[in-house]
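> Pasting a structure below so you can have a look.
The values are calculated or read from the model by the stated rules, or taken from the named source; none is laboratory data. Just so we're clear, the structure is a prediction, and the values are computed from it rather than from any experiment. In this analysis, Cβ positions are derived from the backbone assuming ideal geometry, glycine residues included, and neighbour counts consider all displayed protein chains. Side chains included, ligands, DNA and RNA excluded: accessible areas come from the protein's heavy atoms. Shrake-Rupley method; radii C 1.70, N 1.55, O 1.52, S 1.80 Å.
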Amino acid sequence: MASRAVVTGVGHYLPERIVPNAEFEATLDTSDEWIRTRSGIERRHFAAKDETTSDLATRAAEAALKDAGLTGEDLDAIVLATSTADLTFPSAATMVQARLGMTKGFAFDVQAVCAGFVYALSNANALILSGQAKRVLVIGAETFSRIMDWTDRSTCVLFGDGAGALVLEALNGNGTADDRGILSTDLNSDGRYKDLLYVDGGVSTQSTGHLRMQGNQVFRHAVDKLAKTAETALDKAGLNSGDVDWIVPHQANIRIIQGTAKKMGLPMENVVVTVQDHGNTSAASIPLALSVGKERGQIKPGDLIVTEAIGGGLAWGAVVLRW
Ligand code: UT7
């Protein structure tokens with residue numbers, strides 16, 4: 001017998017406002033054609049002025065709890081991945097905790113930018129395997145529209161807002177790769193690459209700042225590092241790409257998603273793709289894709305899933321789980 005962190009609920013929330021690529025043509029030297037062909041993005045959602053990351057996170061959390069048949073009172077912990085929390089402190093996670101009516105346990109944020117959800121899943125898994133929590137809500141939520149430089153066409157057309165959430169529960173498995181739940185994780189970072197993707201402001205430098213990215217440099221790192229971390233995670237679980245039903249990748253660029261799948265020897269039929277509808281929602285993109293993938297009827301109980309993501313840091317990683 002082995003304890004496993006098993007997904008028992010999933011949900012997401014997207015802000016109402018949908019912005020098609022064409023909207024950028026009015027203010028920037030860009031085109032729907034360029035954005036589609038270079039990134040695969042067709043539209044994204046932007047939060048309303050008074051809508052914050054914890055608002056999106058709470059809506060996604062409520063959907064995931066409903067799916068699991070649980071309430072906030074049933075939870076032991078909340079782990080929320082975000083780089084765009086409402087306030088400098090407290091954490092967005094504790095704000096969600098209050099709104100879910102959860103008065104025990106603990107809640108905290110994880111900040112690993114676009115790799116945030118993979119880091120949060122790995123932390124939640126460790127909490128469950130070490131016996132510190134039995135039911136953990138893992139959320140990815142972002143309002144990247146707040147840190148865009150609207151004059152920089154090379155970044156502002158790529159990102160969107162949204163949130164997704166999973167409920168993980170400790171259930172017994174038999175200790176093999178046939179078990180449901182998280183089977184392995186692989187986390188990496190290399191701070192030498194800070195200048196490739198960062199925000200040029202923060203509390204200690206006394207501003208909010210804007211996202212800055214050397215996109216083509218990040219692209220170069222992405223395909224290699226993502227395929228490698230996915231394969232390492234599969235290897236840790238005693239599996240290989242041939243066992244994978246779904247790659248659920250971070251949704252930054254369709255060409256990165258295609259390149260990674262190709263490197264792993266898997267066809268695009270085995271990949272959940274939402275980048276066309278959401279753009280890059282950073283830490284929210286994987287739980288959004290898991291939720292949409294389930295809604296579309298792609299992801300089914302028992303399916304073997306590998307998630308992978310890379311972002312600012314650079315930080316990257318993968319999680320292998322059986323749905
Ligand atoms: O989620 C975190 C991780 N982030 C990523 O994974 C993003 C990784 N990078 C990418 O997705 C791609 O590199 C981009 C979509 C950002 C850019 O695609 P690219 O094929 O790497 O293009 P590039 O940066 O090499 O730029 C090619 C050209 C440049 O013009 P010149 O210098 O060749 O004349 C850019 O100025 O495209 C130009 N360009 C644009 N043109 C029209 C850049 N942005 C735009 C734009 N519209 N919005």
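> Quick check for you: with a 1.4 Å probe and neighbouring chains kept, what is the accessible area per residue of segment 1-126, in Å²?
45
> Please tell me the relative contact order of the chain in percent, rounded to the nearest whole number, where contacts are Cα pairs under 8 Å and at least six residues apart. Write out the running numbers ahead of the final one.
Values: 838 pairs, mean separation 82.3, N = 323.
The value is 25 percent.
> A further question on this structure: Hand me the tally of lysine pairs in the chain: alpha carbons under 16 angstrom apart, and the pair either on different chains or 8 or more positions apart.
Value for the chain: 8.
> Which order do peptides 220-232, 197-209 fall in by mean Cβ count within 10 Å, highest first?
220-232, 197-209
> Which order do peptides 241-250, 172-181, 82-91 fall in by mean Cβ count within 10 Å, highest first?
So the order, starting with the most tightly packed, is 241-250, 82-91, 172-181.
> Suppose every K and R has +1 on its Cβ and every D and E has -1 on its Cβ; what is the size of the dipole of segment 1-101 about the Cα centre, in Debye to the nearest 20?
240
> Now for a different question. Divide by every residue of the chain the summed helix terms, -39500 (n - 2.57) for each DSSP H run of at least 4, and state the resulting mean residue ellipticity at 222 nm, rounded to the nearest 500 deg cm²/dmol.
Value at 222 nm, helices only: -9000 deg cm²/dmol.
> While we're looking at this one, here's another question. Averaging sequence separations of C-alpha pairs under 8 Å and six or more residues apart, then dividing by the length of segment 60-141, give the relative contact order as a whole percent.
Reported as a whole number, the value is 41 percent.
> Sticking with this one: Determine the dipole magnitude for the chain: charges of +1 sit on the beta-carbon of Lys and Arg, -1 on that of Asp and Glu, nothing else is charged, the reference point is the Cα centre, and the result goes in debye to the nearest 20.
420
> Rounded, prolate or oblate: which fits segment 181-322, taking a ≥ b ≥ c as square roots of the Cα gyration tensor eigenvalues, rounded meaning a/c under 1.5, else prolate when a/b beats b/c?
prolate
> Further question: Assuming a ≥ b ≥ c are the square roots of the Cα gyration tensor eigenvalues, decide whether the chain counts as rounded (a/c under 1.5), prolate (otherwise, with a/b larger than b/c) or oblate.
Numbers: a/c = 1.63, a/b = 1.22, b/c = 1.33.
Verdict is oblate for the chain.
> Hey, another quick one. Can you tell me the dipole magnitude for segment 2-173 around its Cα centre, using point charges on the Cβ only (Lys, Arg +1; Asp, Glu -1), in Debye to the nearest 20?
Working: 15 positive and 22 negative charges, 111 e Å.
It comes to approximately 540 debye.
> Along the charge dipole of the chain, which of 196, 172, 75 sits closest to the positive end, that is, farthest toward it, with unit charges on the beta carbon of Lys, Arg, Asp and Glu (+1, +1, -1, -1)?
172
> Let me ask something additional. Hey, any idea what % of segment 90-183's accessible area is carbon plus sulfur with a 1.4 Å probe?
Whole-percent figure for carbon plus sulfur exposure: 52.
> Please identify every one of the chymotrypsin sites (Phe, Trp or Tyr not before Pro) in segment 76-177 that sits in a loop by DSSP and has no more than 15 other beta carbons within 10 Å of its own beta carbon.
Taking segment 76-177 and a limit of 15 other Cβ atoms within 10 Å, the loop chymotrypsin sites (Phe, Trp or Tyr not before Pro) found are 150.
> Now a separate question. Ranking request for peptides 262-275, 51-64: highest mean number of other beta-carbon atoms within 10 Å first, then the rest in descending order.
51-64, 262-275
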